[in-house]
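Trainee: Structure in structure tokens, see below.
The values are calculated or read from the model by the stated rules, or taken from the named source; none is laboratory data. Small disclaimer: the values here were computed from a predicted structure and weren't measured. Note: ideal-geometry Cβ built from the backbone for every residue, glycine included; neighbour counts use all protein chains shown.
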């Protein structure tokens, strides 16, 4: 009797323990799922705004064409820029013209490269960059010259053969993140005759060490031209570099010779191959394909004629206007081009390259406009099968998109995305990865994340940090469209109550911002809601505002200048051909008139003129445009975003 009682008590206790364990396990799984959902939403915000900015870059590229047709004295002051912009053939420069009289002083303590380069030079370069040393401009120019000379002999698609003795490693976007490249080499070894690499574009921009990555990759290529292969990405483009940081990095690190480095890079970009084919079965390209992708045509085009992928290079008569496909870069607005036909790709050839560099895979069947980026297309699994079957291929390996785990497999295993820049949007936001193909072309994935202080923090703290950063960026986008949002809210608020339903608010947000975000799920971080679930829509703007440089200026003008500040800064740098940092009042007004007419911005010109006069800080009729733009900044009051949202966890 006693034994039975004791046994039943033990059984009951065990059942309680098991039940408690299951409750804790279920709670923890739900907890992690909610955190992962928040992290996924934060990454969606980052990506949506990134793609929206790319659309802005494409619109700016159209403006350059428009500006150069109308702003004739730019050609008189800087004809070389016009020639580069329209892809005029540049005569090949010799070593003396590239390197010139750039001397290396005795005081220089960085690596001194010896040509022809050896493995020892690569080791010196890597160690110097680990110590944050800057390679002298002479060696940068020599490396660029030699790389361009070698690339000119390569076909548009490089063919690589695997063997039982060596795997082939494919790396995706690095975007100036040098620590990721060091980590790849630490885990996978340096390039060598027995360690083949394919780097799949987007080496530069965003990160702070783009030139160091280029130097390591180019030096490795010069030492092992048969074992290291480079594909062009959509950021290997001088117009992209002007917006996303690489141009600024070069001019900061190489103040004296930066312009010469940039000019040589523009020529080199155009000679980068647009793809690599492994064992005639795996197509490695940066972006993707479309239903009209013609590999035979892509093999034969003169890729060096495409100095910038962002601008339609097809020359036509004065009377002809390019309409183009609506989903293609640069065709959102009619553009007249008058350059010599022999110097350009045809429009069809250009579109083929655009698809290779800008397209993205999706699960939906068919081929349709890439509305997020504004260039290239979305291609479905049926398009993948069609192109692979047509050219007797088995797989596409591409990059171009940040993935939370560093890679993604889709289209029934026929498309692999690999992205090698970890912590791309924010510390802890994503892993990086590379993929290895063995002799049987079976892919193996290797993930990593550059470890810093935040990576050792608890998951909820890391997610909160990532989420707060994403919300801050989103709120800045909202404040730049404040007038438009308020107008949209008021159209929905027929009772003038200051409140909207969740559906009305979400519709207005998407209609104005066009970011394709889960607004209902994000609402608790963006607005306040009453007990009935109605949203106080003006609470969107409670925690930030744009600091006005002049209080009397209309809010609409301030928002417009803030919204287009990056574009205006780039345009200013084009006009400021002497790099003095100053432009005259007349130049500013001409720039604004052209900008206003192209972008169809309804702003009172007298307000702009008044603001320009107020910003004539030196009272000499000139404007320091850098200081002018610094006057427009967002004041944040987002302390509550940094608190741990335990009630939502």
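Trainee: Does any residue of the range 387-397 turn out to be closer than 25 Å to residue 420 by Cα, part of a loop (DSSP other than H, G, I, E, B), in contact (Cβ under 8 Å) with a residue 24 or more places away in the chain and over 19 Å from the mean Cα position of the chain (by Cα)?
Mentor: Yes, there is a match, as at least one residue in the range 387-397 is closer than 25 Å to residue 420 by Cα, part of a loop (DSSP other than H, G, I, E, B), in contact (Cβ under 8 Å) with a residue 24 or more places away in the chain and over 19 Å from the mean Cα position of the chain (by Cα).
Trainee: Another question, then. Given the criterion modelled with pLDDT under 90 and either outside any loop (DSSP other than H, G, I, E, B) or surrounded by fewer than 21 Cβ atoms within 10 Å (Cβ to Cβ) (or both), identify the matching residue among 317, 355. Steps first, please.
Mentor: Details: 355 fails: modelled with pLDDT under 90.
On inspection, the qualifying residue turns out to be 317.
Trainee: Six or more apart or on different chains, Cβ under 6 Å: which pairs go from a residue in the range 233-256 that's closer than 13 Å to residue 269 by Cα to one that's modelled with pLDDT under 90 and part of a helix (DSSP H, G or I)? Could you list them?
Mentor: Close Cβ pairs satisfying both conditions: 239/61.
Trainee: Next question. Which numbered condition trips up residue 385, out of (1) touching a strand residue (DSSP E or B) at 6+ places or on another chain (Cβ under 8 Å); (2) over 20 Å from residue 202 (Cβ atoms)?
Mentor: Among (1) touching a strand residue (DSSP E or B) at 6+ places or on another chain (Cβ under 8 Å); (2) over 20 Å from residue 202 (Cβ atoms), the lone unmet condition for residue 385 is (1).
Trainee: Among residues belonging to the range 525-543 that are free of Cβ contacts under 8 Å to residues at least 60 places away in the same chain and in a helix (DSSP H, G or I), point out the one that is farthest from residue 493 (Cα to Cα).
Mentor: For the range 525-543, the residue satisfying everything is 526.
Trainee: Now a separate question. Of all residues in the range 217-238, how many are surrounded by fewer than 23 Cβ atoms within 10 Å (Cβ to Cβ) and more than 15 Å from residue 198 (Cβ to Cβ)?
Mentor: Residues that pass the stated criteria total 3.
Trainee: Can you report the number of residues in the range 366-401 which are under 19 Å from residue 44 (Cα atoms), modelled with pLDDT of 95 or more and surrounded by 23 or more Cβ atoms within 10 Å (Cβ to Cβ)?
Mentor: Count: 2.
Trainee: Let me ask something else about it. Determine if the range 600-609 includes at least one residue that is over 29 Å from residue 52 (Cβ atoms) and either surrounded by 14 or more Cβ atoms within 10 Å (Cβ to Cβ) or modelled with pLDDT under 70 (or both). First the steps, then the outcome.
Mentor: Keep residues of the range 600-609 that are over 29 Å from residue 52 (Cβ atoms), which gives 606, 609.
Those left that are additionally either surrounded by 14 or more Cβ atoms within 10 Å (Cβ to Cβ) or modelled with pLDDT under 70 (or both): 609.
Yes - at least one qualifying residue is present in the range 600-609.
Trainee: What number of residues within the range 144-163 satisfy the criterion of being surrounded by fewer than 17 Cβ atoms within 10 Å (Cβ to Cβ) and in a loop (DSSP other than H, G, I, E, B)? Walk me through it before giving the result.
Mentor: As a first pass, look at the range 144-163 and keep what is surrounded by fewer than 17 Cβ atoms within 10 Å (Cβ to Cβ): 149-150, 152-155, 159, 161, 163.
Now restrict to residues that are in a loop (DSSP other than H, G, I, E, B): 152-155, 161.
Residues that pass the stated criteria total 5.
Trainee: I'd like the residue in the range 524-554 that is touching a strand residue (DSSP E or B) at 6+ places or on another chain (Cβ under 8 Å) and at pLDDT below 75 and, out of all such residues, is nearest to residue 41 (Cα to Cα).
Mentor: Ranking the candidates gives 545 first.
Trainee: Do the conditions hold for residue 424, that is, is it touching a strand residue (DSSP E or B) at 6+ places or on another chain (Cβ under 6 Å) and surrounded by 17 or more Cβ atoms within 10 Å (Cβ to Cβ)?
Mentor: The answer is no for residue 424.
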